[in-house]
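What follows is a single structure, written as structure tokens, with notes after it.
The values are calculated or read from the model by the stated rules, or taken from the named source; none is laboratory data. Since this is a predicted model, take the numbers as computed values, not measurements. Cβ: placed from backbone, ideal geometry, glycine included. Neighbour counts: every protein chain shown. These accessible areas exclude ligands, DNA and RNA; they are computed on the full protein's heavy atoms, side chains included. Shrake-Rupley method; radii C 1.70, N 1.55, O 1.52, S 1.80 Å.
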Amino acid sequence: MHRTRLLIGAAALVAVTAFATNTLVAAPQDPAEPGGAGMEMDPAMMAEMMRLAMPGEEHAELMRSAGQWDNSFRMRMAPDAPWVEFTGSMESRPVLDGRYLLEEQEFDYMGMPMKGINILGYDNSTGEYTSMWADTMSTWWISTRGKKDADGAIDFRGTMKDVVGERPFRMVIQFESDDEVLVRMYDTIPPQGEVEVMQITSKRRK
């Protein structure tokens with residue numbers, strides 16, 4: 001418990017220090033003031049910080065997926081391998097005041113129970129959607145970023161990491177409706193290159 005408190009305190013200190021540093025860098029220097037420097041942040045910079053920090057339309061769109069879902073999976077390990085089908089469940093909820101959508105998944109793959117979480121968001125500073133995935137088959141995150149294509153699907157791209165190594169990875173999320181979402185995942189498999197290896201159909205539980 002003591003170590004946990006230290007870690008939380010350290011994280012908070014880092015955040016406060018970063019904010020204070022930005023404030024001081026942006027502060028106008030006024031030799032007439034005590035200490036020879038002003039401590040006020042430039043109003044334009046403050047407004048920009050607030051804009052970047054506030055959830056917008058993209059976040060609200062993601063939050064509409066909050067709720068209980070039933071998942072149907074199709075997965076294959078190679079282009080010529082047969083598809084394996086299995087099912088699972090998912091609960092999605094807003095976190096950090098609607099800045100991110102936390103998806104908690106449970107499924108059973110070939111008799112092996114698994115759990116995973118995905119954190120979906122939108123980065124105001126870059127105009128990109130973000131995704132971070134972790135599960136009980138690893139101790140690391142898979143991070144991707146993407147933008148919407150002409151069809152309205154979000155095309156995420158990042159790096160897959162597993163026992164085979166690291167390689168390009170792509171995930172496409174298509175919101176068919178408020179009650180159905182289709183996810184397609186593409187891995188890089190030599191010598192073919194990009195191969196669709198998974199499909200997830202999520203239907204909102206009624």
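Side notes on the structure shown:
- Qualifying residue in segment 192-200 (condition: surrounded by 12 or more Cβ atoms within 10 Å (Cβ to Cβ), at pLDDT 95 or above, under 20 Å from residue 60 (Cβ atoms) and of a type outside the set (Val, Ile, Thr)): no
- Members of segment 59-84 found to be closer than 23 Å to residue 125 by Cα and either assigned to a helix (DSSP H, G or I) or more than 24 Å from the chain's Cα centre (by Cα) (or both), listed by number: 59, 60, 61, 62, 63
- Within segment 131-141, none of the residues are in contact with a helix residue (DSSP H, G or I) (Cβ under 9 Å, 6 or more places away or on another chain) and in contact (Cβ under 8 Å) with a residue 40 or more places away in the chain.
- Those strands (runs of 3 or more DSSP E) lying entirely in segment 133-191 with at least 1 residues closer than 14 Å to residue 118 by Cβ and open to solvent by 60 Å² or more (accessible area, probe 1.4 Å): 142-148
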